[in-house]
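Q: Would you mind keeping the following structure in view while I ask a few things?
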Amino acid sequence: MSSNPDALLGPADIRELAAALGVRPTKQRGQNFVIDANTVRRIVRTADVREDDVVVEVGPGLGSLTLALLEVADRVTAVEIDDVLASALPATVTARMPERADRFTLVHSDAMQVTELPGPPPTALVANLPYNVAVPVLLHMLEHFPSIERTLVMVQAEVADRLAAPPGSKVYGVPSVKANWYAEVKRAGSIGRTVFWPAPNVDSGLVSLTRRPEPPKTTATRREVFAVVDAAFAQRRKTLRAALAGWAGSAAAAETAIVAAGVSPQARGESLTVEEFARIAENKPTGTESSAEAATETSTADVEHEEPRK
């Protein structure tokens, strides 16, 4: 474990690194660099990172959080899509934390395309996720890396609220249900705007996810359950009987499946738990495949519309 108080990046370090690399944070990639060492250490503490953890970080940027993770974790693997940032980060780690550099691995790739990582399987995901792809990336990582037991992500405050929302909440939606398929989800704090460069126009929130021992018990596949979720929230103002008509083949068929699941056909998607969505999926009429189900090839591509853009 490193204890060098000067190893982490401060505001001047961040700007100096960025200037040397000719980097300006881009809205296209939702980049806002954390410039406060206390904040990244707080994230690591809140994430309960341990000395034996293998942590995967998505979107490490200039390395603020990466260095804080390396102070504690056994290994850190960072996934970075940006060419310039990816090429510079290993040198930053070596320069500022040479005694831990052999415990760091950089994967230069789009996180949405990553389905395997070098080294031991990750046990934790800790990341300041780019605002414009936060939900898809989070769900992709949870799907493809079942070894991830604990997750802490920093996202736009409104997205944090949606991810952690319980059934019945006005902001409960597709991200809430799909994240709950994988994990117990809760809000874990708020982050102000002044710890970022550039300062965003929105506040940020921390979301903690603890992996369920197994997904909800159901005979339906994840894809089948998520197809019901997508259909229910595509027309969230409608009753389930109406919203799921396309998924089931007709409103009458939808009602049959909903009733068989023990749910009221007059309910709306925002009132259902993930287990109730699973029961509806189990009772889908045979011989029908909705456009929603055909489109739900992954757990991620269909949720971007749920996420506010910065």
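Q: Could you state the angle between the C-alpha long axis of helix 37-46 and the longest principal axis of the C-alpha atoms of the chain, as a value from 0 to 90 degrees rounded to the nearest 10?
A: Helix 37-46 sits roughly 40 degrees off the main axis of the chain.
Q: Next question. Top to bottom by accessible area (1.4 Å), largest first, where do 158, 80 land?
A: From most exposed to least exposed: 158, 80.
Q: Based on the inverse mean of 1/r over its pairs of different Cα atoms, what is the Kirkwood hydrodynamic radius of the range 126-277, in Å?
A: 16.3 Å
Q: Same structure again: Probe radius 1.4 Å, ligands and nucleic acids left out: which of 236, 15 has the largest accessible area, and how do the rest follow?
A: 15, 236
Q: Further question: Compute the angle between helix 11-21 and the longest alpha-carbon principal axis of the chain, please, reported from 0 to 90 degrees and rounded to the nearest 10.
A: 90 degrees
Q: Let me ask something else. Apply the Karplus parameterisation 6.51 cos²θ - 1.76 cosθ + 1.60, with θ equal to phi minus 60°, to every residue of the range 147-160 and state each ³J(HN,Hα) to the nearest whole Hz, in sequence, with x for glycine and proline.
A: 6, 5, 8, 10, 9, 9, 10, 9, 9, 4, 3, 5, 5, 4
Q: Given contacts defined as C-alpha pairs under 8 Å and at least six residues apart, what's the relative contact order of the range 1-142, whole-number percent?
A: 28 percent
Q: What list of ³J(HN,Hα) couplings, whole Hz, do you get for the range 117-127 from phi and the Karplus terms 6.51, -1.76, 1.60, once you set θ to phi - 60° and write x for glycine and proline?
A: 10, x, x, x, x, x, 9, 8, 10, 9, 7
Q: Let me ask you something else. What do you reckon, how do 53, 161 stack up by accessible area (1.4 Å probe), largest on top?
A: Per-residue accessible area, sorted high to low, gives 161, 53.
Q: I've got another one for you. Give me the percent of the accessible area of the chain that comes from carbon and sulfur atoms, probe 1.4 Å, all protein chains in place. Show your work: numbers first, answer last.
A: On the way: 6500 of 13120 Å².
Result for the chain: 50 percent of the exposed heavy-atom area is carbon or sulfur.
Q: Between helix 134-144 and the chain, what is the angle of the helix's C-alpha long axis to the longest principal axis, kept within 0 to 90° and rounded to the nearest 10?
A: Its long axis makes an angle of about 80 degrees.
Q: Short version: what are the Cα gyration tensor semi-axes of the chain, square root of 5 times each eigenvalue, largest first, in whole Å? Walk me through the numbers on the way to the answer.
A: Numbers: eigenvalues 310, 67, 51 Å².
Semi-axis lengths for the chain are 39, 18, 16 Å.
Q: Please report, largest first and rounded to whole Å, the three semi-axes of the ellipsoid equivalent to the range 194-248, where each semi-axis is the square root of five times an eigenvalue of the C-alpha gyration tensor.
A: Largest first, the range 194-248 gives 34, 21, 8 Å.
Q: Keeping all protein chains in the complex and leaving out DNA, RNA and ligands, what accessible area do you get for residue 93 with a 1.4 Å probe, in Å² to the nearest 10?
A: Probe radius 1.4 Å; accessible area of residue 93 about 0 Å².
Q: Another one. Taking just the C-alpha trace of the range 1-128, give me its Rg and Dmax in Å.
A: Over the range 1-128's Cα set, Rg and Dmax evaluate to 13.4, 36 Å.
Q: Out of 114, 159, 228, any idea which swings most in a Gaussian network model of the chain, alpha carbons joined below 10 Å?
A: 114
Q: Restricting to DSSP H runs of at least four residues, report the calculated mean residue ellipticity at 222 nm for the chain, -39500 (n - 2.57) per run over all residues, nearest 500 deg cm²/dmol.
A: It lands at -10500 deg cm²/dmol.
Q: So, one more: Which order do the peptides 186-192, 272-278 come out in when sorted by mean C-beta neighbours inside 10 angstrom, highest first?
A: Numbers: 186-192: 15.3, 272-278: 21.4.
Per-residue mean Cβ counts within 10 Å order the peptides as 272-278, 186-192.
Q: Okay, next question. Counting heavy atoms of the protein chains only and a 1.4 Å probe, report the per residue accessible area for the range 157-300 as a whole number of Å².
A: On the way: 6280 Å² over 144 residues.
Roughly 44 Å² per residue, with all protein chains present.
The values are calculated or read from the model by the stated rules, or taken from the named source; none is laboratory data. Model, not experiment: these values are computed from the prediction. Reconstructed Cβ throughout: ideal geometry from the backbone, glycine too, with neighbour counts over all protein chains shown. Keep in mind that these areas ignore ligands, DNA and RNA; they rest on the heavy atoms of the full protein, side chains included. Shrake-Rupley method; radii C 1.70, N 1.55, O 1.52, S 1.80 Å.
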